[in-house]
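> Questions regarding the structure given below will be posed in turn.
No value in this document is a laboratory result; all are computed from the given coordinates. All values reported here derive from a predicted model rather than from experimental measurement. Here Cβ is always computed from backbone atoms with ideal geometry, including for glycine, and neighbour counts include all displayed protein chains.
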Amino acid sequence: MSHDHTTATKAITEVELSAVDLVGISSTDAAHPAARPARPTPQRALLGYRALGILGLVLIACAALIAHRVATSSDTSPRRTIVWTPLSETASDLFTDEDVPDGPPTLFTNPFDPTEVFELPPGLSEEEARERVAQILLERARERMANR
């Protein structure tokens, strides 16, 4: 029996595969390159690690800069500026040189702003000092209202 290649034909049968059959074939064929998961090349992995390293350095530098600014700020309390307005002539008449006894001046704290302390002539009682500070504050308020 001789086989002649020209006269012999091979029978090819086509079978339609379902999705389940295709998944089963692809997962069992581990030798096929398409069945293996893609792995990054060593050069791609190196670039990813470099990018992460640079990002880490940038974050560390930002944290260090913020820590430096916080550590070098000398004043942690908010600054308050006191606006100074000169007394009018009527308020300056409250203090005459002939009524001033010798001794340390009387200090009276502004009841509305504890950072402001008025220096009044020495020897005033607390009630007299309160009355003078009230007159000064009223005069200051009148001037502010007139300037608006």
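> Could you pull out every residue, at least 5 positions away or on a different chain, whose amide H is within less than 5 Å of the one on L120? Hs are placed 1.01 Å off N in the peptide plane, and Pro or chain starts have none.
Those lying under 5 Å, H to H, from L120 are T106, L107, F108.
> Ok, one more. How many nm is it between the label spots at E127 and I82, if each spot is 7 Å from the Cα in line with the beta carbon?
2.7 nm
> What list of ³J(HN,Hα) couplings, whole Hz, do you get for the stretch 49-56 from phi and the Karplus terms 6.51, -1.76, 1.60, once you set θ to phi - 60° and write x for glycine and proline?
5, 5, 4, 5, x, 5, 4, x
> Peptides 62-69, 128-135: what's the order by average Cβ count within 10 Å, highest mean first?
On the way: 62-69: 9.9, 128-135: 14.8.
Order by mean packing, descending: 128-135, 62-69.
> For the stretch 108-148, which chymotrypsin sites (Phe, Trp or Tyr not before Pro) are both in a DSSP coil and crowded by at most 13 other Cβ atoms within 10 Å? Intermediate values should be presented prior to the final figure.
Details: sites: F108, F112, F118; in loops: F112.
Passing both the DSSP loop test and the Cβ count: F112.
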